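Just below is one structure, and these are the notes that go with it.
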Amino acid sequence: MGWLDQINDQVEELIHARALMEQGRSSDACTVFERVAATTDDPYARADALVQRLSALINLGRTAEYPTAAEKAFDAVRDLPDPYLHGHLHALAALAANDQGALDRCVTHLVRSARALSAVSEPDQETAWAWHDLAMAYSYLSFHGYALSAIERARQLGLAAGIPEETFAAPGIRLRNAVTLDHHGDSDGCLRVLRDIGSDLERFVRAGGLGRLRPSSLAAYGYAAARRAALGGPADQAAASEAARLLANGGDSARARDMRTLGEVCLAIAADRPAAALSRLKKARVSAQTLGAAEHPRLTSLALARSGDHAAAHQADRYAFRLAAQRNDRLRDVYVDGIAARIDDEEMRREAARHEVEALTDPLTGLPNRRRLERYVASMVSRGERAALGICDLDGFQKVNAEHGHHCGDLVLQRAAGVINRVMRRGDFVARYGGDTFVVVLPGAGLAEANEVARRIRTAVRNEDWESLVPGTRIGISVGFAELTGTGAALGKAFEAARQALQRARAQEASALPAT
């Protein structure tokens, strides 16, 4: 039985208000939900109205009203047994807490939402929408892996309930994933995701036209097109006009307004009008939650570079990278897992707070630093776990600094960090040890598996387009692995053995090169 089937009062008004939300008319929908909540005697109708009203307020960005709205909704659902309603409310409460900067509360709501929705015995289209909202909450917090898993669950439930595929295509989730890649220095990866988003839009338009797409999706598709143009993708007049049209029809949500504002900046950059882009950026007032705090300085960097002020562009880019590093997915995943495992344990909260304040991240690459590596290995060894530890040294890096300068050296290190991360297995650990040295830890792996990972790392680095970054300079990588076992000085012993293996690998590669 669907959730709305449990409501005996004012069902038509609730259905109408939900339709208004899907049409991007959250303000009108909010008025209907308020009227139903104030007049109904049906506890299910009141609960649904108050939950959906919180959703409308989040869409509108009316942050001052979040606490009271959430409190009323929780009061309304507290004694109702349906896990769907609790799961959906926690997903919305997570979005509200994130907008207010309450990270602990946000992640707690995320965990509670996922648990409640997983307990729904007969999921239907309402459950699909709840998983959709949970996916959005994950995405805004930069938990991109969790977001993609949740939206896939929503898509499957939606298809089973007869909801068209494009409804849960989630361009906004993939868009935030794309700009996050760019904020961390992987512009090529960003462009690949943006191209995929554009391809989906073309497919959906061929199948049924723009009229079948939700306004919030139109805003995301429009910004994806504009952002791609700003990075150097196709920017002809027709493409720019289409991006502007999509952005203009994105509905009345606060995030759609933010995308319109920044989308105009992107289109100005693409049209080679950097002064206009910078002027718009100075006036722009957008939420850091929409596309990440790093998006504003990153667009500033692109505009400055287009104007020829490369020194200022580099400074803005470094600032964007520092902001992005604060939302590093790897540390956030650890944080989520810790809260999920010990949600009722106060010690978990203290551990999470310490992880937030301690300097465990390399500011240049966003990877865990040497201190975090040492803690990670010590914890692994104390549990008696086996692993393979690898050292990765860039070849040709000194020449980069000498011939191209330290700015390019920084860009090479950022790109190398992204390349190594991309070929790792799920659960592997990557850290920047210092200089051009990276360390990888493969839990549970032996040397045979480690050698395959080493091969993937070398191949990925060799195939990367370094020429566009440091013309004329060859970039390679040498990798050596050793087993990590024992206690006490385990890291030091493994590190020395891996360093020796790296030197042997480097010598073998040098001997295999043709004489010049």
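How big is the dipole moment of region 434-489 about its Cα centre under a simple scheme where the beta carbon of each Lys and Arg is +1, that of each Asp and Glu is -1, and everything else is neutral? Debye, nearest 20, please.
100 debye
So for the chain, averaging the separation of alpha carbon pairs under 8 Å that are six or more residues apart and normalising by length, what relative contact order in percent results?
10 percent
Measuring from centroid to centroid over Cα atoms, what is the spacing of region 34-48 and region 375-401 in Å?
For region 34-48 versus region 375-401, the Cα centre distance is 58 Å.
Could you tell me what a quarter of the Cα convex hull surface of region 179-306 works out to, in nm² with one decimal place?
Orientation-averaged projected area of the Cα hull: 7.1 nm².
For region 233-319, what is the relative contact order in percent, using Cα pairs closer than 8 Å and at least 6 residues apart in sequence?
Relative CO of region 233-319 lands at 23 percent.
Once the piece of chain linking E65 and S121 is laid out straight, how much longer is it, given 0.36 nm per residue of separation minus the C-alpha distance between them?
16.9 nm
Counting other Cβ atoms within 10 Å, keep those with at most 10, restrict to DSSP loop, and tell me which GluC sites (Glu not before Pro) in region 448-484 are left.
In loop regions of region 448-484 (DSSP not H, G, I, E or B), there are no sparsely surrounded GluC sites (Glu not before Pro).
At 0.692 mPa s and 37 °C, plugging the Kirkwood radius over alpha-carbon pairs of region 358-441 into Stokes-Einstein gives what diffusion coefficient in µm²/s?
Estimated via Stokes-Einstein, D reaches 241 µm²/s.
Kindly sort Y44, Y223 by accessible area of their heavy atoms, largest first, with the probe set to 1.4 Å.
Y44, Y223
Computed over the Cα atoms of region 161-201, what is the ratio Rg over Rh, Rh following Kirkwood?
1.10
For Cα extents along the principal axes in Å, the listed values are (i) 70, 67, 52; (ii) 78, 59, 38; (iii) 83, 57, 39; which was obtained by calculation from the structure presented?
Computed from these coordinates, Cα extents along the principal axes in Å corresponds to label (iii).
Taking θ = phi - 60°, what integer Hz values does the Karplus form 6.51 cos²θ - 1.76 cosθ + 1.60 yield along region 170-176, in sequence order, with x for Gly and Pro?
Going residue by residue, I get 6, x, x, 5, 5, 5, 5 Hz, with x marking Gly and Pro.
List, in order, the whole-Hz ³J(HN,Hα) value for each residue of region 374-384 obtained from phi through the Karplus relation with A = 6.51, B = -1.76, C = 1.60 and θ = phi - 60°; use x for Gly and Pro.
Working through the residues one at a time gives 4, 5, 4, 5, 4, 5, 5, 5, 5, 8, x Hz.
Please turn the phi angles of region 14-19 into ³J(HN,Hα) values with the Karplus equation 6.51 cos²θ - 1.76 cosθ + 1.60 (θ = phi - 60°), one per residue in order, whole Hz, x for glycine and proline.
With the stated coefficients, region 14-19 comes to 5, 5, 4, 5, 5, 5 Hz.
To the nearest 0.05, what FRET efficiency results for R504 and R386 with a Förster distance of 22 Å applied to their C-beta separation?
Computed FRET efficiency for R504 and R386: 0.50.
Assuming R0 = 30 Å, can you tell me the calculated FRET efficiency for the pair L103 and S379, based on Cβ-Cβ distance, to the nearest 0.05?
0.85
Taking Cα atoms, how many degrees apart are the long axis of helix 103-118 and the longest axis of the chain, rounded to 10 and kept between 0 and 90?
In the chain, helix 103-118 runs at an angle near 70 degrees to the longest axis.
Which whole-angstrom value gives the distance between the alpha carbon centres of region 182-235 and region 257-289?
Using only Cα atoms to place each centre, the spacing works out to 17 Å.
Between A207 and A402, what is the FRET efficiency for a Förster distance of 60 Å, r being their Cβ-Cβ separation, to the nearest 0.05?
With a Förster radius of 60 Å, E is 0.65.
Given points 7 Å out from each Cα along the Cα-Cβ axis, report the R371 to S287 separation in nanometres with one decimal.
Each label point is offset 7 Å from its Cα along the Cβ direction, giving 3.3 nm.
The values are calculated or read from the model by the stated rules, or taken from the named source; none is laboratory data. As the structure is a prediction and not an experimental result, all values here were calculated from the model. Glycine gets a Cβ as well: all are built from the backbone with ideal geometry, and neighbour counts include every protein chain shown. For the accessible areas, the whole protein counts, side chains as well, though only heavy atoms, and no ligand, DNA or RNA atoms are used. Shrake-Rupley method; radii C 1.70, N 1.55, O 1.52, S 1.80 Å.
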